[in-house]
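The values are calculated or read from the model by the stated rules, or taken from the named source; none is laboratory data. Just so it is clear, the model here is predicted, and its values are computed rather than measured. Heads up, the Cβs are rebuilt from the backbone with ideal geometry, glycines too, and the neighbour counts pull from every protein chain shown. Just so you know, the surface numbers come from the protein's heavy atoms only, side chains and all, with ligands and any DNA or RNA stripped out. Shrake-Rupley method; radii C 1.70, N 1.55, O 1.52, S 1.80 Å.
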Amino acid sequence: QVQLSESGGGLVQTGGSLRLSCAASGLTFSSYAMGWFRQAPGEEREFVASVMWLGGTTYYADSVKGRFTISRDNAKNTVYLQMNSLKPEDTAVYYCTAGTSTMRVGKQSVDYWGQGTQVTVSS
């Protein structure tokens with residue numbers, strides 16, 4: 001059974017930073033691209049970032065490029081999302097994802113989802 005367990009969400013002020021972590025189990029971690037999606041209230045779930053199998057190739061949504069950094073540690077079966085210069089519009093539930101592609105095309109390309117962790121950025 002595949003499990004993706006997020007942690008690290010919380011409340012932060014505008015301009016602050018958070019680091020999300022996602023521990024994966026039940027899958028061959030190094031065989032999957034890993035990523036993050038987010039969903040704000042009343043909005044569609046959207047792609048945030050993904051990192052390919054060996055960690056050398058990353059992809060970002062334009063809205064987070066230059067502020068967020070995704071990385072993975074295949075020895076620990078863990079993927080991270082470092083979020084800097086946070087804005088109120090980054091407020092959302094953040095979901096860890098696993099897939100066999102970049103997942104940039106959207107949620108239909110995701111094979112596995114975590115339960116989500118809330119990130120709230122106050123103005």
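Could you please let me know if T69 is in a strand (DSSP E or B) and either within 17 Å of L4 (Cα to Cα) or touching a residue at least 12 places away in the same chain (Cβ under 8 Å) (or both)? Spelling it out, T69 is indeed in a strand (DSSP E or B) and either within 17 Å of L4 (Cα to Cα) or touching a residue at least 12 places away in the same chain (Cβ under 8 Å) (or both).
Residues that are buried (at least 18 other Cβ atoms within 10 Å of the Cβ) and not hydroxyl-bearing (S, T, Y) within region 78-91 comprise V79, L81, M83, L86, D90, listed in sequence order. Would you call S17 closer than 14 Å to Q82 by Cα, among the hydroxyl-bearing types (S, T, Y) and touching a residue at least 60 places away in the same chain (Cβ under 8 Å)? Yes; evaluated as a whole, the condition is true for this residue. Among the candidates R72, R104, the residue that is at pLDDT below 95, over 19 Å from V121 (Cα atoms) and not small (G, A, S) is uniquely R104. When A49 is tested against (1) small (G, A, S); (2) closer than 23 Å to S123 by Cβ; (3) open to solvent by less than 30 Å² (accessible area, probe 1.4 Å), only condition (2) is not met.
Return the only residue of A61, A98, A75, A40 being of a type in the set (G, A, S) and open to solvent by 60 Å² or more (accessible area, probe 1.4 Å). Quick ask: steps written out before the conclusion?
Working: A61 fails: open to solvent by 60 Å² or more (accessible area, probe 1.4 Å); A98 fails: open to solvent by 60 Å² or more (accessible area, probe 1.4 Å); A40 fails: open to solvent by 60 Å² or more (accessible area, probe 1.4 Å).
Answer to the check: A75.
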